[in-house]
Amino acid sequence: MAERLVTRPERNALERLEAFVAQARYDCAAFGTNLEWDKADWDVTTHCPRPVSKAAQKAVLYFTTHANGEAKSIDGRVAMAEPFASFIKALIRRKQDSRPQGDGPLSRIINAARDLHDQLGDRGHDPVRLTHADFAAAVVAVQKRSSPTTAYRLGCSLQTIADTIDRHGLSASRLNWRNPLKRQTNALSRISKHANDARESKLPTSDVLDELARLSHLVTEPSDVVCMSVIKLLHCAPWRIGEVLALHADCEVVEQKVDENGPVFDQDGKPVMRYGLRYWKEKSSDSDVKWIPTVMVDVARSAIADIRRHTEPARELARWLEEHPGRACLPGPDLGPWQTYTKAEVAEMFGMGPCAKSGRQWLMLRGIDATGRNVRISRLDLEQALLNEVVKVADDRRGMKLSEHLLLAHLNFHHSCKATNPCLLSLTRDQHLADFLGGRVSTRGRTLSIFEKFESPPQQDGSAMGMTSHQFRHWLNTLAQAGGLDQALVARWSGRDDIQQNSEYDHLTGLEIAERFRGMMDEGKIQGALADLHDRKEPADRASFRDSVLATAHVTDIGLCDLDWISSTCPEFQACETCEFCLVEKGNEDGKLRTEQRLADNRWLLERVQAEVDDDTIGASNHLNAIQQSIDGCERILAVHQDPDIPDGTLVQPTTASPRHFYGPGLEDTV
């Protein structure tokens, strides 16, 4: 085969790639100075600590191909070929050096890079020879193996790789590649396949909720009681599961309610109290209080009490360990380090019953010689073996001592087969709740869910009972949206810093939104021509009027729409500001900002179309009139948001007769 000639742009790119890798390998501090660069698996747990609630406590970056990519260790995986592997390692380390983050986003970049690695198989896996077509092929491969949401995120990771190559000149020519996949969101569509799939996968069914309510009165085993108590807390507020599992043992907060007029008192002059649970936000680690709705306070109190009752023995052990550093707690009298035990006594101390075989197996797995019939094990060796396992759960980046965790338990407390060891500790983790709600099949057998333990009947569609802990968060957010709770309150209640993320947890259907509108119209919380016509009807006819004109509804980017798409198509597609079916939610910041952007864009267009009109361009006058109508519509909508006499949350239907005015000085500078 003829030797391939390397062009000057390629040689230059190769030199820059070598410098790029060398700088990351020898000059970056990310992941520590003792990082084993040549290994295909980087253990970055120390630098990317996992939340204590996560079952997998080790954070490992695998620079491997898709082959056997689900393996839980490096065994069986296939390492990426050089020089591509070094390029990705350098990218990851430099990215972590400039902006430290968890291992999740970094693993996602490696996952996306695997498809590029496959594309370079016929070119020596040389990243310098990557082309725009390779990224296009990689994104197609991503779509085939991933859900739409995951594919979008992996597409963003591919764009990160392409941007890095262009920024540092690591290819023979610029790639200028952008992620072609659109972000999957529930913010606007209520009738798309994605919205329907999200609704079905992220919301619990009424059958499961009813069955959980029944089983909550039947569970008696301590492990089931603790897990069911966590489920009760998930009913009380929209938690992330890690936030519940990381609660402090002294998390309850009771204080007097305060409103804009000061402290609140009831009719008898007694202070009105509110109840909440102090927690740490999982995504920011900031402390906050999750206030519990009044109707759920008793449920939350009883759940906390049940958890405390079953976990207090574990906290007592943790306090003893903290008061006696370097020691492990063994039952019975302490006769010194040379006190000895038989294998049967060891087994009984660790909850396995007086079985010498079980004791021998436990000791041998920990490197303690237990061969021989009459062998005796020293207390010193036993304590050292226990100490080696205690430190695995002692680290908490929030600064909590082990004894301060609410969901602390003895080792194997939640295990379906192994005996609970009263001398060792563990934390209740997300996998325990996942097993409790959905069961699990592994190489060791099947872990039964609570529904399987009690032989719950199948759901109405014939599927087995089961759900995930995160579905409670979606469910409560959707209920809050259905009840018309202010968006800022929904975000605060959910522990969410970005109010725009509310839409991802809002799974109301068009019919449910319309039902909310009908209730608001009945309560006089809608203004406009439609509301005026409703109020002129006889009281007996108003309900049927609401049902007919508000059969369904959906969300737009600037407000809401009450057009019945089932019976007719949209007459003003993408021109909501001039449509008679448009409803504006006063005080909705997201809709207000998007309307401001539309207004600024149309004013920019108006100047340019006016120039075309002055030049007598054919059709320019019609275009000018359409833009002016859009500007008028945007100004009417913004006038609604400005009006101090309209309460926030009111739905207003602007018309051509509605007031409009300039939305204040400096708009062009703020948009």
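The criterion of being within 30 Å of residue 213 (Cα to Cα), buried (at least 17 other Cβ atoms within 10 Å of the Cβ) and under 41 Å from the mean Cα position of the chain (by Cα) holds for residue 311.
Restricting 605, 638 to those that are modelled with pLDDT of 85 or more, in a helix (DSSP H, G or I), in contact with a Phe, Trp or Tyr (Cβ under 7 Å, 6 or more places away or on another chain) and not small (Gly, Ala, Ser) reduces the list to 638.
Quick check on the stretch 621-656: of everything there that is farther than 16 Å from residue 579 by Cβ and without any contact (Cβ under 8 Å) to a residue 12 or more places away in the chain, which residue is surrounded by the most Cβ atoms within 10 Å (Cβ to Cβ)? Per the stated criteria, the residue is 621. Against the conditions (1) at pLDDT 90 or above; (2) hydrophobic (A, V, I, L, M, F, W, C); (3) part of a loop (DSSP other than H, G, I, E, B), residue 52 satisfies every one except (1).
Within the stretch 327-344, is there a residue that is out of contact with any Asp or Glu (no Cβ under 9 Å at 6 or more places or on another chain), acidic (Asp, Glu) and farther than 19 Å from residue 412 by Cβ? Scanning the stretch 327-344, I find at least one residue that is out of contact with any Asp or Glu (no Cβ under 9 Å at 6 or more places or on another chain), acidic (Asp, Glu) and farther than 19 Å from residue 412 by Cβ, so the answer is yes. Residues in the stretch 55-72 that are more than 25 Å from residue 30 (Cα to Cα) and at pLDDT 80 or above were compared, and the one that is surrounded by the most Cβ atoms within 10 Å (Cβ to Cβ) is 66. The residues of the stretch 116-134 that are among the polar types (S, T, N, Q) and assigned to a helix (DSSP H, G or I) amount to a single one, 119.
Taking the stretch 134-163 as the range and being closer than 23 Å to residue 122 by Cα and of a type in the set (Val, Ile, Thr) as the test, the residues that pass are 139, 140, 142, 161. Every listed requirement among (1) buried (at least 17 other Cβ atoms within 10 Å of the Cβ); (2) in a helix (DSSP H, G or I); (3) hydroxyl-bearing (Ser, Thr, Tyr) is met by residue 149 save one, (1). Determine whether residue 162 is assigned by TED's automatic domain parsing to the domain that holds residue 108 and either within 22 Å of residue 24 (Cα to Cα) or modelled with pLDDT of 95 or more (or both). In short, yes. If I ask for residues that are under 18 Å from residue 490 (Cβ atoms), in a helix (DSSP H, G or I) and without any contact (Cβ under 8 Å) to a residue 60 or more places away in the chain, which ones from the stretch 251-304 would you list? Of everything in the stretch 251-304, those that are under 18 Å from residue 490 (Cβ atoms), in a helix (DSSP H, G or I) and without any contact (Cβ under 8 Å) to a residue 60 or more places away in the chain turn out to be 294, 295.
None of 133, 85 is buried (at least 17 other Cβ atoms within 10 Å of the Cβ), assigned by TED's automatic domain parsing to the domain that holds residue 24, aliphatic (A, V, I, L, M) and out of contact with any helix residue (DSSP H, G or I) (no Cβ under 7 Å at 6 or more places or on another chain) except 85. For first residues located in the stretch 1-23 and of a type in the set (Val, Ile, Thr) and surrounded by 11 or more Cβ atoms within 10 Å (Cβ to Cβ), partners that are modelled with pLDDT of 90 or more and part of a helix (DSSP H, G or I) and lie 6+ apart or on another chain with Cβ distances below 6 Å form the pairs 21/86; 21/90.
Looking only at the stretch 435-465, residues that are buried (at least 18 other Cβ atoms within 10 Å of the Cβ) and either at pLDDT below 90 or under 23 Å from the mean Cα position of the chain (by Cα) (or both) come to 6 in all. Report every pair of residues separated by at least 6 positions or lying on different chains whose Cβ atoms are under 8 Å apart, first residue within the stretch 454-477 and closer than 28 Å to residue 237 by Cβ, second assigned to a helix (DSSP H, G or I) and small (Gly, Ala, Ser). From residues that are closer than 28 Å to residue 237 by Cβ, the pairs are 466/438; 467/438; 468/434; 468/438; 469/434. Return the only residue of 97, 103 being of a type in the set (Asp, Glu), in the same structural domain as residue 62 (by TED's automatic domain parsing), surrounded by 19 or more Cβ atoms within 10 Å (Cβ to Cβ) and within 17 Å of residue 160 (Cβ to Cβ). None of the other options fit; the residue is 103. Among residues of the stretch 193-212 being small (Gly, Ala, Ser) and within 22 Å of the chain's Cα centre (by Cα), the one that is modelled with the highest pLDDT is 201. Looking across the stretch 535-548, the residues that are at pLDDT 75 or above and part of a helix (DSSP H, G or I) come down to 535, 536, 539, 540, 541, 542, 543, 544. State whether the residues of the stretch 324-339 include one that is surrounded by fewer than 18 Cβ atoms within 10 Å (Cβ to Cβ) and either in contact with a His (Cβ under 9 Å, 6 or more places away or on another chain) or assigned to a helix (DSSP H, G or I) (or both). The answer is no; no qualifying residue exists.
Restricting to the stretch 281-293, and then to whatever is of a type outside the set (D, E, K, R) and at pLDDT 90 or above, can you tell me which residue is surrounded by the fewest Cβ atoms within 10 Å (Cβ to Cβ)? Among them, the one singled out is 293.
Residue 171 meets the conditions (1) without any contact (Cβ under 8 Å) to a residue 40 or more places away in the chain; (2) under 23 Å from residue 14 (Cα atoms) in every case but one. The failed one is (1).
The values are calculated or read from the model by the stated rules, or taken from the named source; none is laboratory data. All of these numbers come straight from a predicted model, not from anything done at the bench. All Cβ positions, even for glycine, are placed from backbone atoms using ideal geometry, and neighbour counts span all protein chains on display.
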